[in-house]
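Notes for the one structure printed next.
The values are calculated or read from the model by the stated rules, or taken from the named source; none is laboratory data. If you're wondering where the values come from, they're calculated on a predicted model, not measured in any experiment. We place every Cβ from the backbone using ideal geometry, glycine too, and count neighbours over all the protein chains shown.
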Amino acid sequence: METVTTSAPSQEAVHPALVKPLADADVPVLRDAYRQMLFIRRIEEAAAKAYGQGKIGGFLHLVIGQESICVGAALALRPTDYMVTSYREHGHFMAKAGSSLESGKAVLAELAAKDTGCVRGLGGSMHMFSAAHRFLGGYGIVGAQAPLAAGVAFGSKYQNLPEVTLCFLGDGAVNQGAFFEGLSLAGLWKLPIVFIVENNQYSMGTPLERTLAHPDITLRASGFAMQRDRFVSDDILEVRDRISAAVERARTEFVPSLLEIETYRYRGHSMSDPGNYRTKEEIERWKKRDSIELARARLLKVLPEAEIVAIDDQVREWVAEAVRFADQSPPAQESSIWNTVYAQPGTDPRRM
């Protein structure tokens, strides 16, 4: 693997009307969120380059453009809360793990099928997992995570634990039967769960107007006695606040929610998809409200530019270190397979 060199976001790249003033208390929060989002994007760019070089096999679904949802959701959670996701989950894993250097190492090593990956190189791009961080996996079957996440939330409620489960799905999953089964159970049993549909405008390569009879996905919540909310992902602080409201409602009142967050992926559905069904103008229009560039522009209004550049430099160094780590790590070991099939005597499988 090699580090991808990209230009730093520019303040002029975002729509000026979106550069809102910051409250003093939000400055350190946004500064850290900017670092986390930028690190996720740069790790994904490094993964894309490694895939092109043949160092990563199988499928690779990048979250580039959707980072504010990953990080904003993590900011709304406690360490004891759960995430269950789709197969576009590298950024979600990193966000739940704190978007630290170690999380970047774990992702790139896992993508390269190395023994130092988050699941010892056995899961790859679509099946990342960390019980320690309560990140319960990405799932390759579209929509299949919805009833599984409902089961996790049921377990928390059954044990009278103050835990909330976030279940992430793409807009292409909302017409699957498993999605409705998950919502039905959540509404019927009043589970502490929040379903988040990351609406990135396309179901693989099919635009939404060809897959949805009504564009507002959250209207489906009314059939399951759930709360709903719908908004755009460009402002990470808003993402945090609106997910936080749903999380606390689930935690304290056992009222589940269905959220639809409009976003955009700048790459194709996967690395094998050139994305020719989209126009350059459409992509550029969405880039005008890019959450990372918007966060940087807002920070430049209140912080010295040198401080922001220092964050950019730190992220660049972290990515380079994560790339070296993945390159130098040993490959996945055959002996590791059995460790994930049977529980080891005397161990707590929740901490494995």
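Go over the candidates E293, E284, E260 one by one and state the one that is surrounded by fewer than 18 Cβ atoms within 10 Å (Cβ to Cβ) and either under 18 Å from the mean Cα position of the chain (by Cα) or not in a loop (DSSP other than H, G, I, E, B) (or both). Full working, then the answer.
Working: E293 fails: surrounded by fewer than 18 Cβ atoms within 10 Å (Cβ to Cβ); E260 fails: surrounded by fewer than 18 Cβ atoms within 10 Å (Cβ to Cβ).
Result of the check over E293, E284, E260: E284.
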request  = Could you please find all residues in segment 94-117 being farther than 22 Å from R35 by Cβ and among the aliphatic types (A, V, I, L, M)?
outcome  = A112, A113
request  = For segment 213-235, name all the residues that are buried (at least 19 other Cβ atoms within 10 Å of the Cβ) and part of a loop (DSSP other than H, G, I, E, B).
outcome  = M226, S233, D234, D235
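Which is under 25 Å from R88 (Cβ atoms), loosely packed, with under 12 Cβ neighbours inside 10 Å and of a type in the set (S, T, N, Q), of S335, S272? Steps first, please.
On the way: S335 fails: under 25 Å from R88 (Cβ atoms).
Answer to the check: S272.
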Where a residue in segment 176-193 is within 21 Å of D81 (Cα to Cα) and its partner, wherever it lies, is among the polar types (S, T, N, Q), with Cβ under 6 Å and at least six apart = P192/S156; I193/T165
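Just need a number here: residues in segment 174-189 that are outside any helix (DSSP H, G or I) and either among the acidic types (D, E) or surrounded by fewer than 19 Cβ atoms within 10 Å (Cβ to Cβ) (or both).
From segment 174-189, those outside any helix (DSSP H, G or I) are 174-176; that's our starting set.
Now restrict to residues that are either among the acidic types (D, E) or surrounded by fewer than 19 Cβ atoms within 10 Å (Cβ to Cβ) (or both): 175-176.
So the count comes out to 2.
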ask   = (1) aromatic (F, W, Y); (2) in contact with a strand residue (DSSP E or B) (Cβ under 8 Å, 6 or more places away or on another chain); (3) at pLDDT 95 or above: which one isn't true of F254, the others all being true?
value = (2)
inquiry  = Need pairs with beta-carbon distance below 6 Å; first residue closer than 15 Å to E293 by Cα and of a type outside the set (S, T, N, Q) and within segment 21-39, second buried (at least 20 other Cβ atoms within 10 Å of the Cβ) and modelled with pLDDT under 95; sequence gap 6+ or separate chains.
reply    = F39/S99
Residue list for segment 114-133, restricted to those being buried (at least 21 other Cβ atoms within 10 Å of the Cβ) and on the phi > 0 side of the Ramachandran plot = G121, G124
